[in-house]
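The values are calculated or read from the model by the stated rules, or taken from the named source; none is laboratory data. Here the structure is a predicted model, which means the values were calculated and not measured. Here the Cβ positions follow ideal geometry from the backbone for every residue, glycine too, while neighbour counts run over all protein chains shown. With ligands, DNA and RNA removed, areas are computed over all heavy atoms of the protein, side chains included. Shrake-Rupley method; radii C 1.70, N 1.55, O 1.52, S 1.80 Å.
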Amino acid sequence: DEEFDELCFEFGLELDEITSEKDIISKEKGEEKAKGASDTILYKIDVPANRYDLLCLEGLVRGLQVFKERINLPRYEKIIPAQGEGQRLIITEETVQVRPHAVAAVLRNITFTKERYDSFIDLQEKLHQNICRRRALVAIGTHDLDTIFGPFTFTAKAPSEIKFKPLNQSREYTASQIMDLYRTDSHLRHYLHLIENKPLYPVIYDSNGVVLSMPPIINGHHTKVSVNTRNVFIECTGTDITKAKIVLDIIVTMFSEYCEKPFSVEAVEVVYPNGKTHIYPELAYRKEKVKPELINKKIGISETPSSLAKLLTRMCLKSHVIGNGNNIEIEIPPTRADIIHACDIVEDAAIAYGYNNIQMTIPKTYTIANQLPLSKLTELLRLDLAAAGFTEALTFALCSQEDIADKLGMDISATKAVRIANPKTAEFQVARTTLLPGLLKTIAANRKMPLPLKLFEISDIVVKDPNTDVGARNYRHFCAVYYNKSPGFEIIHGLLDRVMQLLEVPPNEENGYTIKATEGSAFFPGRCAEIFAKGQSIGKLGVLHPDVITKFELTMPCSALEINIEPFV
């Protein structure tokens, strides 16, 4: 186990934990539920999201074997059948509205076992969740080719016109009935929304009208792949042609090793609505050139060009030195869609070299870091406010519209609040324009605590500002509340004086701070004052209006202070 953990780490992966089905179930649901579950040891391995080629056992083992230099990287081969003998997939123009793209391939004379079959299904599921963006961009269908006859047609029809027996069901349903059937299915209901409201549903037929699948929802039962299947027809339909090609390449490269002729894939001709044809899978190999000194400089090592080429070859990127050692030519296989830029190649060289083997050096530039002045002021204030007997609270930066408007007796349009376009809950509709509601909600949640409650918070608020590049601006606010049987205006006023004393702002008009009586919708009439400092209004203090207090489900009087501290930086 330790050796394998070490190997994973060297290869740039992480062995998350060693467990078993029984352990997982007993952890989540208790010992009772785990009875009878498998004791087989499972390795949980964290794979980076860009390495689709490591998402199944086949690819992972192949990658590690090449890394350990036990095998050479296989060469994936596309076999194009003789004219008129290969399979064809014809795309009709109706699909343009729903899922315009399709690619396909055939795995000939494949030998499945229970483990290989499970891995084959599991890889599709992992790809669906990952690169296919929960089937929104690509949906994969695999079919037993011996049960159907080409050419195949990918079209779109009205839901009532599509009728077939879905996978693992006992009778036929129309497309509309299938949608209702799976509305309660824990697994498939998440994909219904992708085509539910479209006038036409995508569907794939063979030449006899047998339904292969209704992507992205379900395959037909007729073409179900089993352990005994010998020839597999794979189709990927989607809204993103690039991702569809990558998904197809990954599936065929991973499982072609079980074909009679290992690592060979039979191509399928795809015919577009405009009559053009294209052969899939592409299985494209391409060559990139990278200078050895670039790799050495970026990683901070000094390896010879030939040893760098050897490192890259171990990472499934077959490389050799060209032009007197001035360049390394790297062949990118179809399994490595994540290699987009020279940086990706440099990263793989670093992984093969071993991050722990790179010598640590002190940077040649001298820079001295400094805390942001606003953050430093915030830190200093927090310490002294706590010393003054107030407890710090940290509340959410998002809140509901009622919190900052209705409950404080204001109109939402007057708040200049930034709205969330698609809020998940009513609690998080807008960015807060004041810290007060968060503190009042905190008091409401702590009504059982002994009085008085003295809370403060120093955090950012957000308001719309058309003059900034993002259309909004943050201000660092300080807010304090005092909640007791009496309003305690003098305590909040005293806190303001203490804060000004700490900021070394004297209580006078010329160069200090003053307070002037004013009215505020959230405050009790005649008990509210505006605070002026540095020649501008920085906030208000006062006793909260009884309406505000009851709207936040509180029962005692409460006084509050809120100021902007940015002018004092």
Rounded to whole Å, give me the distance from the Cα center of segment 493-528 to that of segment 305-370. 61
List the residues whose amide H sits under 5 Å from the amide H of Tyr513, counting only those 5 or more places along or on another chain, with H placed 1.01 Å from N in the peptide plane. Asn508
What is the chain's relative contact order, in percent, from Cα pairs under 8 angstrom and six or more apart in sequence? 11
In whole angstrom, largest first, the equivalent ellipsoid semi-axes that the Cα gyration tensor gives for segment 373-568 are 24, 22, 17
How many angstrom lie between the Cα centre of segment 160-211 and the Cα centre of segment 437-478? 50
Using a 7 Å offset from Cα along Cα-Cβ at Val61, what residues in segment 295-319 end up with backbone N under 19 Å from the label point? 316
So if each residue of separation counts as 0.36 nm, and I subtract the Cα-Cα distance between Ala414 and Ile241, what length gain in nm does that give? 57.6 nm
Just to verify a number: what accessible area does Phe263 come out at with the full protein assembly present, 1.4 Å probe, Å² rounded to tens? 50
Simple spin-label model, 7 Å along Cα-to-Cβ: Lys364 to Glu94 in nm? 6.7
For the Cα atoms of the chain, what angle does the longest principal axis make with the long axis of helix 114-129, in degrees from 0 to 90, nearest 10? 40
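Are any of the pairs Lys464/Lys540; Lys27/Lys441; Lys114/Lys287; Lys78/Lys287; Lys464/Lys534 more than 26 Å apart by Cα-Cα distance, and if so, which? If you can, show how the numbers build up before the last one.
Numbers: Lys464/Lys540 20 Å; Lys27/Lys441 35 Å; Lys114/Lys287 38 Å; Lys78/Lys287 18 Å; Lys464/Lys534 23 Å.
Violating the 26 Å Cα-Cα cut-off are Lys27/Lys441; Lys114/Lys287.
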Using a 1.4 Å probe, what is the accessible area per residue for the chain, in Å²? 52
Of all DSSP beta bridges located in the chain, what percent are antiparallel, nearest 5? 90
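Would you work out what percent of the accessible area of segment 373-568, with all protein chains in place, is carbon or sulfur (probe 1.4 Å)?
On the way: 5420 of 10050 Å².
For segment 373-568, the apolar C and S fraction of the accessible surface comes to 54 percent.
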So for each of 543-554, 195-206 I average, over its residues, the number of other beta carbons within 10 Å; can you give me the resulting order with the highest mean first? 195-206, 543-554
Amide H neighbours of Lys540 under 5 Å, counting only residues 5+ apart in sequence or on other chains, H built in-plane at 1.01 Å? Ile531, Glu562
Relative to the first principal axis of the alpha-carbon coordinates of the chain, what is the inclination of helix 241-255, with its axis defined by its Cα atoms, in degrees from 0 to 90 and to the nearest 10? 60
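Over segment 77-280, what lengths in whole Å, largest first, do the semi-axes of the equivalent ellipsoid take, defined as the square roots of 5 times the eigenvalues of the alpha-carbon gyration tensor?
On the way: eigenvalues 120, 76, 52 Å².
Equivalent ellipsoid semi-axes, largest first: 25, 19, 16 Å.
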Of Arg116, Arg99, Arg70, ordered by accessible area with the largest first and a 1.4 Å probe, the sequence is Arg70, Arg116, Arg99
Segment 489-537: relative contact order in percent, alpha carbon pairs under 8 Å with at least 6 residues between: 26
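Just the number, please: carbon plus sulfur as a percent of the accessible area of segment 217-265, 1.4 Å probe, no ligands or DNA/RNA counted.
On the way: 760 of 1540 Å².
Carbon and sulfur atoms account for 49 percent of the accessible area of segment 217-265.
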Calculate, for Asn467 and Asp497, the FRET efficiency according to 1/(1 + (r/R0)^6) with r their C-beta to C-beta distance and R0 35 Å; round to the nearest 0.05. 0.55
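Quick check on the chain: helices-only [θ] at 222 nm, where DSSP H runs of length 4 and up contribute -39,500 (n - 2.57) each and the sum goes over total residues. Nearest 500, please.
On the way: 14 runs with 146 residues, N = 569.
Roughly -7500 deg cm²/dmol at 222 nm, from the helical runs in the chain.
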I'd like the accessible area for Asp118, computed on protein heavy atoms only with a 1.4 Å probe and all protein chains in place. Round to 10 Å², please. 70
In this model, which of Lys261/Lys310; Lys245/Lys298; Lys485/Lys551 are farther than 23 Å apart at the alpha-carbon? Lys261/Lys310; Lys245/Lys298
Residues meeting the amide H criterion for Lys157 (H placed from the backbone, H to H distance under 5 Å, 5 or more places apart or on another chain) are Tyr201, Val203
Summarise the accessible area of segment 286-357 (1.4 Å probe, protein heavy atoms) by the percent that is carbon and sulfur. 51
In whole Hz and in residue order, list the ³J(HN,Hα) couplings for segment 213-230 that follow from phi through the Karplus curve 6.51 cos²θ - 1.76 cosθ + 1.60, θ = phi - 60°; x for Gly and Pro. 6, 10, x, x, 8, 8, 7, x, 6, 4, 9, 4, 7, 10, 4, 8, 4, 9
HN-Hα J couplings of segment 365-381 from phi, Karplus 6.51/-1.76/1.60, θ = phi - 60°, integer Hz, Gly and Pro as x? 9, 9, 9, 10, 7, 9, 6, 4, x, 5, 5, 5, 4, 4, 4, 5, 5
In degrees rounded to 10, the 0-90 angle between helix 342-353 Cα long axis and the longest Cα principal axis of the chain is 80
HN-Hα J in Hz across segment 410-425 - Karplus 6.51, -1.76, 1.60, θ = phi - 60°, x for Gly and Pro: 10, 8, 4, 5, 7, 8, 6, 6, 8, 9, 8, 5, 9, x, 6, 9
Residue-level accessible surface for Thr229, protein heavy atoms, 1.4 Å, Å²: 0
